[in-house]
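Shown next, in structure tokens, is the structure this report addresses.
A short reminder: the numbers here are calculations on the coordinates, not readings from a lab. Here the structure is a predicted model, which is why all the values come from computation and not from measurement. Positions of Cβ are generated from backbone atoms using ideal geometry, with glycine treated the same way; all protein chains shown enter the neighbour counts.
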């Protein structure tokens, strides 16, 4: 492989994989990759994708083997705390962008018949988790006095096996907890997928490409719910109309032939537009309202 090309570590298979590849394609990256390949090659930009385990991604970026990674915030934070609590010094990567997929939360959960309701009453008890650094850091800061044991795999089994009194694990729908007679308790982390970037200095060309990709990623996120709105509106109602549109910048105002009271109003709205919003705009005097999706946007 060409060492001048920029390597991006992404999840080989799992809930982030499809969303990650879709995001990179929306950024204009053409990827050459077959199902069983562990490397995908960027055909039109100097990026190569490394398909790896999600918990390996922060380490690959930390060790400068990959310049970028897309991974769950939970994995990135777990590695960051591990590094900073050891003698290795500060982490060699940073989170540069939160993405809009991979939502989950890291929460404590108690056996249904345990009578446990509050962490403050569990001093001396043991919690099993796949995220010992995040959980230990939380317990230490809160002064809870709970013991932490690392448990890989099906953490929900730990109380039944006598390994722990409670667990702290990722929760999405909560159905897995219910299936194992567990009740969700306190949430300590709201997680999404994030872009992480190595802090190692690189040459100017590589830095420009990395910045270009991050800017495109942010542009894709900005247009996710953005709409371009065009309407005719009374000039006197411009302020009240734009106040109804969340996340807008200054509108474009175009005079209409033959009238000074009515103008054409064009505006980008960065949040979703509902029927109720359109009805409120009409009540303010707007007419001929057209809402269209935005495909790309750079700020």
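Between the helical axis of 132-142 and the longest alpha-carbon principal axis of the chain there is an angle of about 80 degrees.
Computed over the chain with a Gaussian network model linking Cα atoms closer than 10 Å, the most mobile of 205, 217, 57 is 205.
Axis angle, to the nearest 10 degrees, between helix 73-84 and the longest C-alpha principal axis of the chain: 50 degrees.
Spin-label pair residue 208-residue 287: with each label point 7 Å from Cα along the Cα-Cβ axis, the two points sit 5.2 nm from one another. Residues within the reach of a label modelled at residue 280 (point 7 angstrom out along Cα to beta-carbon, backbone nitrogen below 12 Å), restricted to the stretch 215-255, are 240-247.
To test your reading of the geometry: what angle, between 0 and 90 degrees and rounded to tens, separates the Cα axis of helix 17-26 from the longest principal axis of the chain? Approximately 30 degrees, to the nearest 10. Between the alpha-carbon centres of the stretch 64-120 and the stretch 165-210 there is a gap of 5 Å. Label point of residue 232 set 7 angstrom out along Cα-Cβ; within the stretch 266-299, amide nitrogens under 19 Å from it belong to 266-267, 278-292.
Between 172, 22, 250, the Gaussian network model of the chain with springs among Cα atoms under 10 angstrom shows the greatest mean-square fluctuation at 250. Structural size metrics of the chain, computed from C-alpha coordinates, are Rg and Dmax of 24.7, 82 Å. Taking label positions 7 Å along the Cα-Cβ direction at both residue 173 and residue 113, the computed distance is 2.7 nm, reported to one decimal.
Between residue 154 and residue 38, the simple spin-label model (points 7 angstrom out along Cα→Cβ) gives 2.8 nm.
GNM remark for the chain: springs join alpha carbons under 10 Å apart, and the peak mean-square fluctuation among 58, 234, 90 falls on 234.
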